[in-house]
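Here the structure is laid out as structure tokens; the discussion comes afterwards.
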């Protein structure tokens with residue numbers, strides 16, 4: 001009988017254990033989930049700090065470069081839309097650089113600064129790096145023709161693209 005009474009005591013102890021209320025755990029789980037989502041959102045964002053001012057200034061200079069002469073007397077805007085003097089024989093490389101510098105240098109940089117997304121800043125950094133090399137090729141291609149060599153606008157635009165690439169790489173590489 002002793003054994004039976006001990007078993008009954010064990011059964012009573014098991015019955016008296018408080019049942020954990022799952023409703024009390026749901027708010028804690030929701031808070032943990034919200035904190036996890038907030039942490040992921042913070043990791044996706046960048047804080048360029050003072051570099052944002054440099055980037056926006058260089059983008060402004062890049063926009064001003066489009067009204068400066070790029071090839072002979074043709075401005076960057078004319079090279080972009082393809083309305084240059086046929087005597088200048090503007091090839092594909094300067095036009096490609098004009099288009100890509102507008103897309104990568106102006107649009108992607110502005111979009112990355114506005115959204116402050118790390119992935120977009122990384123795309124802007126890579127695009128600006130590639131476009132700056134396109135600009136060097138565009139300058140080189142214009143130095144081989146007898147008339148209408150590269151002008152100050154084209155050279156300044158290539159320098160702007162290099163500065164943008166360096167600044168964007170500095171921003172994306174400082175991510176913790």
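Things worth noting here:
- Hey, residue 79 over 21 Å from residue 50 (Cα atoms) and at pLDDT 95 or above or not: no
- Selection status of residue 91, under 21 Å from residue 63 (Cβ atoms) and more than 14 Å from the chain's Cα centre (by Cα): no
The values are calculated or read from the model by the stated rules, or taken from the named source; none is laboratory data. Not measured: the values here are computed from a predicted model. For neighbour counting, all protein chains shown are included, and Cβ atoms are generated from backbone atoms with ideal geometry for every residue, glycine included.
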